[in-house]
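Single-structure report; data block below.
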Amino acid sequence: MDCLQLELNPRITAAVRRAKLKSVRDVLCVSGLDLQRLTGLSSSDVQQLTTAAATACRPHPPVPALLLHRGECRRLESGLRLSVGCPVLDELLRGGLPVGGVTELSGESGAGKTQLALQLCLSVQYPTQHGGLNSGAVYICTEDVFPSSRLQQLISDQSCLRSDIPPTLISRLQFSDHVYIEHTADLESLQVCLSRRVPLLLARGAVRLLVVDSVAALFRCEFQASDWLERTKQLLSFSSTLHHLSQEFNTPVLCINQVTDVFNSSDDTLGSGVGLGQSGDGSADDAAPSGDSYPWQPAQRPPQAGGGVRSSSGPRRTKRRRVEGGSPRSDGLRLYRRTTLMNVYKLTEIY
C-alpha cells in the first residue's frame, strides 16, 4: 500500500514524500528515531504515521485477551466448533476445536497425538449437525511418514467410534478421498505448501482443517543454538501464516508437538521422582532427522513406482522438560489454545 494513501495530516504526508518513503513497508521497517531523522517530524507525528501504517496492514482490529477469555469475540468465537469425536474432550474444549483459531497439541511420544489428529481429519468431513464442517483436511508431515494404515483402521471403525452418527451416513462418506497429505523436508517446502497449495484448497472449499505434525521439527533441524535470532524470525513468520490462514478462511488449525521427560543417569528407580527431567544446566537438547518431500496424494493411494516412501534414519526428536517434583510417569496429552494480543502470541493451557 502506498503511504500517500494513508489518512494523515497533509504536513506529515508531505514529509513522507520528501523522505521518499513510498510504501507502508518502508515506514514499518524503519525505527522511530530513523523516521524522525529522515522526515524531520516530531515524535508524536512519527507515532501517528506508524499507527496509520500498522492499521492499514491488518484486516481486523486486535482482540483483547479479556474478550477471548469471556468468549465475547464474535469474529473468533462464532460458536462453530469442530468436534473431536470424544464426548469427554469435547466437553473440556467447550464443543471442540474453535473454527478460526490455532490450537497446539503436545505430549510424549505414544500419548496419542497423531491418533487424535487422524480422528479430526475424519470428524471434519461430517455435517455440521454432527460436529463436523462438511469438508476435507490437509495433513502436513514434517517428521515421519503419514500413518495411512492407522487412518484406514479408524475409517473402518467409525461406526463403532461414532455411534452417535447414523451408520447410513458413515457408509456414504468417502473419508480417504478428502484427506490431502504433504511431506515437507525443510522450511522452504513448508512455506511453499502454506503459501500456495493450502490456500488453493481452502479457497476451493476442498478442506476446512489444517494439521501440522510437528511444528518445531524443522526449526530444530535447520538452526543451531547460535542461530536463535533467525530461528525466532522464521517461527514468527510461520505462526503468522497459520494465523492468517485460520482467520482468512475461518478454518481450525491444529499444531502437534512432541515433549519427552528425560531422566538423569543417577535415577535408579522410576518411583524415586528425584531429578526428573533435569539436565544439569536445564538447557534443551534437540535432535532432528532429515526427510523427503512428497507430492499431494489421496490418503488411500500408495506411492507410485520409483517414488517409494523412505523412513527417516535420524534420531528421535526429544525435548528436555524440567519438572519440579511429581510423578515421573507421563502426564499424557496437553491441549493449548493460542491467543493473540497485538503481536504477542501466548499459549494458554486449557486442561
Check your understanding: Of (1) open to solvent by less than 50 Å² (accessible area, probe 1.4 Å); (2) over 18 Å from Val124 (Cβ atoms); (3) of a type outside the set (Val, Ile, Thr), His244 satisfies all except one. Which?
Key -> (1)
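Count, please, the residues in the stretch 17-34 that happen to be assigned to a helix (DSSP H, G or I) and β-branched (Val, Ile, Thr).
Final tally of qualifying residues: 2.
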Practice item. Filter the stretch 134-150 down to the residues that are open to solvent by less than 20 Å² (accessible area, probe 1.4 Å) and in contact with a Phe, Trp or Tyr (Cβ under 8 Å, 6 or more places away or on another chain), then identify the one that is farthest from Gln258 (Cα to Cα). Key: Gly136
Check your understanding: When the residues of the stretch 105-114 are filtered to those that are at pLDDT below 90 and either closer than 24 Å to Val63 by Cβ or within 16 Å of the chain's Cα centre (by Cα) (or both), which remaining residue is surrounded by the fewest Cβ atoms within 10 Å (Cβ to Cβ)?
Key -> Gly107
Review point. Restricting attention to the stretch 28-60, and to residues there that are aliphatic (A, V, I, L, M) and within 22 Å of His244 (Cα to Cα), which single residue is least open to solvent (accessible area, probe 1.4 Å)?
Key: Ala53
Exercise for review: Mind listing whichever residues of the stretch 220-259 are part of a helix (DSSP H, G or I), within 19 Å of Ser189 (Cβ to Cβ) and β-branched (Val, Ile, Thr)?
Suggested key: Thr241
Review point. When only residues in the stretch 167-201 that are basic (Lys, Arg) and without any contact (Cβ under 8 Å) to a residue 60 or more places away in the chain count, which is nearest to Val211 (Cα to Cα)?
Key: Arg196
Exercise for review: Please name all residue pairs, on different chains or six or more residues apart, with Cβ atoms under 8 Å, provided the first residue is in the stretch 217-235 and is farther than 21 Å from Ser109 by Cβ and open to solvent by 50 Å² or more (accessible area, probe 1.4 Å) and the second residue is assigned to a helix (DSSP H, G or I) and at pLDDT 85 or above.
Suggested key: Glu222/Leu187; Gln234/Leu187
Review point. Just a yes or no: is a residue in the stretch 67-82 modelled with pLDDT of 85 or more, outside any loop (DSSP other than H, G, I, E, B), open to solvent by 30 Å² or more (accessible area, probe 1.4 Å) and under 27 Å from Pro199 (Cβ atoms)?
Key: yes
Practice item. Look through Arg197, Arg204 and report the one residue that is open to solvent by 60 Å² or more (accessible area, probe 1.4 Å) and either within 21 Å of Ile256 (Cβ to Cβ) or aromatic (Phe, Trp, Tyr) (or both). Key: Arg197
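Could you please find all residues in the stretch 115-133 being open to solvent by 30 Å² or more (accessible area, probe 1.4 Å) and either under 25 Å from Ala185 (Cα atoms) or assigned to a loop (DSSP other than H, G, I, E, B) (or both)?
Correct list: Gln115 only.
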Revision key, fill the gap. Taking the stretch 166-191 and the residues there that are surrounded by 15 or more Cβ atoms within 10 Å (Cβ to Cβ) and among the β-branched types (Val, Ile, Thr), the one that is nearest to Thr128 (Cα to Cα) would be Ile170
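The values are calculated or read from the model by the stated rules, or taken from the named source; none is laboratory data. All values derive from a computational prediction rather than experimental measurement. Heads up, the Cβs are rebuilt from the backbone with ideal geometry, glycines too, and the neighbour counts pull from every protein chain shown. Remember, those area values only see protein heavy atoms, side chains included, never the ligands or the DNA or RNA. Shrake-Rupley method; radii C 1.70, N 1.55, O 1.52, S 1.80 Å.
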